Each structure stands twice: as structure tokens, then as C-alpha cells.
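Following: one structure in C-alpha cells, then a few remarks.
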Amino acid sequence: MKIHEYQGKEVLKTYGVPVPRGQVAKTPDEAEQIARELGTNVTVIKAQIHAGGRGKGGGVKLATSPAEARQIAEQMLGMTLVTHQTGPEGKKVLQVLVEEGLEIERELYLGMVIDRAVGRVVVMASAQGGMEIEEVAVRDPDAVMKVHVDPAVGLMPFQANQIAFGLDLDGPAVKSCAKFVRNLYAAFVACDASLAEINPLVVTKNAEVLALDAKINFDDNALFRHPDYADLRDLNEEDPLETQAAKHDLSYIKLDGEIGCMVNGAGLAMATMDLVKLAGSMPANFLDVGGTADVERVAAAFRILMSDSHVRAVLVNIFGGIVRCDRVANGIIEAMKTVRVNVPVVVRLQGTNAGEARQVLQAADFPFLVADELAEAARKVVAALRK
């Protein structure tokens, strides 16, 4: 689950992580009032969308007066901001963060993620802040320092100091940075975060270390422990089909192809998408209906697929292990009675009672195309698409 920069900073503040003073504004008048209350010579106006690269797209600007802050907010609010992470369609800006300007001495990078290869949090730091860490890692791998944290003891003080010294800090900035790292780690663990990225982490002329930007993602699997985080979710930033799928406990990710895939099991879904591409087309989605594949879930899945205007054919690939294939077939037919499906549908059911399932589908009123093997199903759906 992603949240906005201003929300991430509010969360970090509760754990003692220093951030610039600022507030979110949804109107130009609010932006002007916040800038006036901050009382600094320079304020920063930052578009709030779930994407990086905002500065390059015109989503981060400086104002030297409250009136100018209002003018910038007026231009920014409602604009479609296009960055390398939004894609060409961009994202609409509905709110802006108005922050105090700082006298910045240096820009650094600090990030925390889960290193799943070793099952530990890894802290990444670099003296090259303000740019994509992936670019830095490719261009100069030695410029990115990595420190793994033993979950049994947590981040040790010597590790926090190691990071501060590794960033070439000295004097009071070392102490400030070490404290920042310890508090950020405490927030990361307590919030069940999957990502905490501070880019840039800045050192001011007063040797203070602050989070000039903050990208915080929460682990979806741990959200049940944080019911209050539901209020932080911005559905305007999420794909509406993915939101609809989540309501039915379906795993759905929209892609750019034209063949809708409905599968049970993530591994089988990946294999299905691979074979669709091998057959000469592209999948329009990843959709895992799970192990039950009952009427309600199948109907919800069909509604989602039919809501995507790019879907020109559907491939249903279900393996019946515990669930019987004939029950799945009947579920598909019942679902089709409530959902208008106007594209070819290829169905491949294998496993328990697969033979009975094929008979059920062939006797149905809807002209299903039935396949026995996955490669055959992929070829059939691509051929149906091109008729």
C-alpha cells in the first residue's frame, strides 16, 4: 500500500524522524495561507501523487512569497503530471504539499527495504542523493552502502554510526544522522513497512539531518495490524479495476495486452501469460481467482475483465485440485448469466472431473472454445482474437 509524501512524513514524525514544517493544500487559497503561516523567505510547492520524478515533470517549484505560492498551486492543482513512473497517461494532481524552504548543505540518499534473499532489513545509503538510486547503483555500485540488520537485536548504534561516517559526515551531523537512521528503522519495523525511501536526505547549514522527501509503502499482508492505515489510502491514485478486484479478494494487475486471463494460482497465471505471449499476443492482466473459483468470484472476475476496453478475448485456465472442475464449469456458466460477455472465451479445465467439465461447457448456450492443453488454449484464444 502506497501513501503520499505528506502522509509518510506525518507517520515519520511520530517516531522522531525530523522533517520540514509543512501542510497539505487542496486549494490555492489554502496554499497561500500555509505559506504565510510558515513565514519563511522560500516555500516549496510539491505535487502529491504516487510517483517519483515529480521535479522533472514540473511538480516541484519554489515560491518566494505567499502570493507566488498561491499562483503556483493554482497552476499545479488539476494538472496532469507526467513522470517516468506515471507513464504517458500521467496522474492528476489533487493536492499539493507546501513546505518551508531549507538552507541545504548536502543531498544524500537513505532507504530501507526487505532483502528477501537473507530475510533481513537492508539499509542502503549513498552520498549521491536527489537522483534515482537504481541509476547510481548501475553507474557506480560502490557508491551505495548496504547494512543488513539482524532482526533479533535490531539496528545497533555502531551500524547507525557506520552509515553516518560512510556518508562522509563529520561533527554534529554524524550524531544527527545516526539518530535519524535509528528512528527511521524503528518506524519501518513498527509500521510493517516494505519500503522507506528518503531521497533526498539533506544536511542543512546548521548540521541538521532531515527528510526532504519521504516515500513509505506498507506491507499489504500486515494491514490487519494497522486498521487506522485505511484512512491513508487514496483510491484516486489506484487503478479502479484493481480496487474492485481487492473488494472480492482477487489478485489483479492490469497490463497492456488484449487477452484477459482468468487463472487460479500465481504460478499458473504466470505460465499462462508466458504462453499467450509465445502464441503471438499479449496478456491484458494478471488475475488469480484463488482456490475456490466459485460463482461469485468468477462473476466478479468476468465483470473486471469486461470493464477493460482493451480486452478482446478471454482465456480461462483453471486447475482443479481440491475444487472439482465440473463445479467450476457450472460456476462459469452461472456467472455468464449475470455478466455480459461479448468476446470469445477459451476455457481450459484440468484436474478433478475435467471430462465432466468439458461436457458441461460444450452443452452450454454460450459458444465456449474448449481446450485440453495450455499451449492449445493459448493458440486458440489468439486465433479467436484475430478472426
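The values are calculated or read from the model by the stated rules, or taken from the named source; none is laboratory data. A quick note: this is a predicted structure, and the numbers were derived from the prediction, not measured. Cβ atoms come from the backbone with ideal geometry, glycine included; neighbour counts cover every protein chain shown.
Only one entry in Val323, Val347, Val314, Val343 is surrounded by fewer than 17 Cβ atoms within 10 Å (Cβ to Cβ), under 34 Å from the mean Cα position of the chain (by Cα) and either of a type in the set (A, V, I, L, M, F, W, C) or not in a loop (DSSP other than H, G, I, E, B) (or both), namely Val343.
Summed over the stretch 129-149, residues that are touching a strand residue (DSSP E or B) at 6+ places or on another chain (Cβ under 6 Å), free of Cβ contacts under 8 Å to residues at least 24 places away in the same chain and in a helix (DSSP H, G or I) total 2.
Within the stretch 19-30, which residues are touching a Leu at 6+ places or on another chain (Cβ under 8 Å) and over 25 Å from Phe180 (Cα atoms)? Within the stretch 19-30, Ala25, Lys26, Thr27, Pro28 meet the criteria.
Looking for something closer than 15 Å to Tyr109 by Cα, modelled with pLDDT of 95 or more and touching a Pro at 6+ places or on another chain (Cβ under 6 Å) - is there at least one such residue anywhere in the stretch 204-212? Yes.
Criterion first (assigned by TED's automatic domain parsing to the domain that holds Glu334 and buried (at least 17 other Cβ atoms within 10 Å of the Cβ)) does Ala246 satisfy it? So Ala246 does not fit the description; no. The residue list Leu287, Leu361 contains one member that is in a strand (DSSP E or B), touching a helix residue (DSSP H, G or I) at 6+ places or on another chain (Cβ under 9 Å), of a type in the set (A, V, I, L, M) and modelled with pLDDT of 85 or more, which is Leu287.
Can Asn206 be described as loosely packed, with under 14 Cβ neighbours inside 10 Å and outside any strand (DSSP E or B)? If you could, list the steps in order and put the result at the bottom.
On the way: loosely packed, with under 14 Cβ neighbours inside 10 Å: yes; outside any strand (DSSP E or B): yes.
Yes.
Among residues of the stretch 71-87 that are farther than 18 Å from Met131 by Cα, those with a Cβ under 7 angstrom from a residue that is assigned to a helix (DSSP H, G or I), sequence gap 6+ or separate chain, pair up as Ala73/Pro28; Ala73/Ala31; Glu74/Pro28; Leu77/Pro28.
If we keep just the residues of the stretch 17-28 that are part of a loop (DSSP other than H, G, I, E, B) and surrounded by fewer than 18 Cβ atoms within 10 Å (Cβ to Cβ), which is nearest to the chain's Cα centre (by Cα)?
Here is the first cut: in the stretch 17-28, the ones part of a loop (DSSP other than H, G, I, E, B) are 17-21, 26-27.
Retained after the next criterion (residues that are surrounded by fewer than 18 Cβ atoms within 10 Å (Cβ to Cβ)): 18, 21, 26-27.
Values: Pro18: 25, Arg21: 26, Lys26: 23, Thr27: 26 Å.
Here the residue is Lys26.
Just one of the listed residues (Asn199, Asn183) is under 20 Å from Arg106 (Cβ atoms), in a helix (DSSP H, G or I), among the polar types (S, T, N, Q) and touching a residue at least 24 places away in the same chain (Cβ under 8 Å), and it is Asn183.
Inspect the stretch 150-159 for any residue being part of a helix (DSSP H, G or I), among the aromatic types (Phe, Trp, Tyr) and either at pLDDT below 95 or exposed (fewer than 11 other Cβ atoms within 10 Å of the Cβ) (or both) and give the result as yes or no. The answer is yes; a qualifying residue exists. Note on the stretch 88-129: residues that are among the polar types (S, T, N, Q) and over 20 Å from the mean Cα position of the chain (by Cα) amount to 2. Take the conditions in the same structural domain as Ala211 (by TED's automatic domain parsing), touching a residue at least 12 places away in the same chain (Cβ under 8 Å) and under 24 Å from the mean Cα position of the chain (by Cα) and apply them to Asp192. Does it pass? Yes, satisfied.
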